[in-house]
2 protein chains.
Amino acid sequence: MKIRLSTLALAAATLTLGAALPAAAQDADSAVEARQSAMTLMAFNIGPLVGMARGDIEYDAELAQAAADSLVHVSMIDHGRFWVEGTHIENRDDTEALPAIWEDPEDFASKLADLRDAAGAMQEVAGDGLAALQGELRNLGGSCGACHDNYRVSDD
Amino acid sequence: MKIRLSTLALAAATLTLGAALPAAAQDADSAVEARQSAMTLMAFNIGPLVGMARGDIEYDAELAQAAADSLVHVSMIDHGRFWVEGTHIENRDDTEALPAIWEDPEDFASKLADLRDAAGAMQEVAGDGLAALQGELRNLGGSCGACHDNYRVSDD
């Protein structure tokens, strides 16, 4: 998308920026909090699937299906507003997000699309038995890792 | 070999019993964190709708629709596991949830159903103009308030 800035528009943008700084800061805080909330809900719902796959908890078709359905819903939330420009680790101490997110937004968006696909694939089979769940978990976990590896500070 | 395994099994069982309490506490912590994350995402997506309805921000059909779609998805997450027995304000200092939630679980569940209905109704019209959005917002806000009034500590 190309944005043409006329002199008038530039003046307006400057005025807007001046008036909007506190609001923008609030928006950034809200966006960081919201995306971290989405990640919390991802973890909360991947947890039972991993637990069943590993045998830590007994396979439960209803729980597996509910968790997979929930993952789909979390992935389908509008994630676009989560990633306010500049809300990365070099500017804030409350995030592990890397600047790379804004350097290659198309690739970043493709990782979310992969997650949605993987969550959808898990949703199709999660209630069909432990083996089916285990068969899809690598793909789902891979879609998490593919994004974290490139766009989040390493836990190492 | 058999004796060794049995000894190990007994040791494992003892460890498991010993570890069970912290695990349950961890589940409760995760549930509280997850439900608060869902509420954060609700607020993050109701925010733009309220802002537009009040005229604080300009009506934007695409944003309104994305926010309403997101509300539906958050409402459709499995909320059942959020409400671990006893995770209320009398037992924890990190929640505003009232014991009443577990005293009338059917009514509590009906409030979530009402929220889902209200979010779905907003989803139907959010992109159809400001007047349509404003027309549904009272219903949506009412569904939030109906639950908070009965099951969350008053902000007053």
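Laboratory data are not the source of any read-out in this text; all were calculated from the coordinates shown. Remember, predicted model here, so these are calculated numbers, not experimental data. Methodologically, a virtual Cβ is constructed for each residue, glycine included, from the backbone with ideal geometry; neighbour enumeration extends over all protein chains shown.
Points to keep in mind about this one:
- Other residues with beta-carbon under 12 Å from the beta-carbon of A:G145 carry, at +1 per Lys or Arg and -1 per Asp or Glu, a net charge of 0.
- In nm, spacing of pseudo-spin labels at B:D94 and B:H148 (7 Å Cα→C-beta vector): 2.2
- A label point on A:P105, set 7 Å along the Cα-to-Cβ line, lies at 4.6 nm from each of its counterparts in the other copies, closest listed first.
- Charged-residue dipole, Cβ positions (Lys, Arg, Asp, Glu), the stretch A:28-151 about Cα centre, Debye nearest 20: 160
- Estimated FRET transfer efficiency (A:E103, B:E58; beta-carbon r; R0 22 Å; 0.05): 0.15
- Sorted from nearest, the other copies put their B:G145 label points 5.0 nm away, the label point being 7 Å from Cα in the direction of Cβ.
- Across peptide A:81-88, the mean count of Cβ atoms from other chains lying within 10 Å of each residue's own Cβ comes to 1.
- Relative contact order %, the stretch B:30-151, counting alpha carbon pairs below 8 Å whose residues are six or more apart: 29
- Over the stretch A:28-151, the pair-distance histogram of Cα-Cα distances with 10 Å bins from zero comes to 14, 43, 29, 14, 1 percent, rounded to whole numbers.
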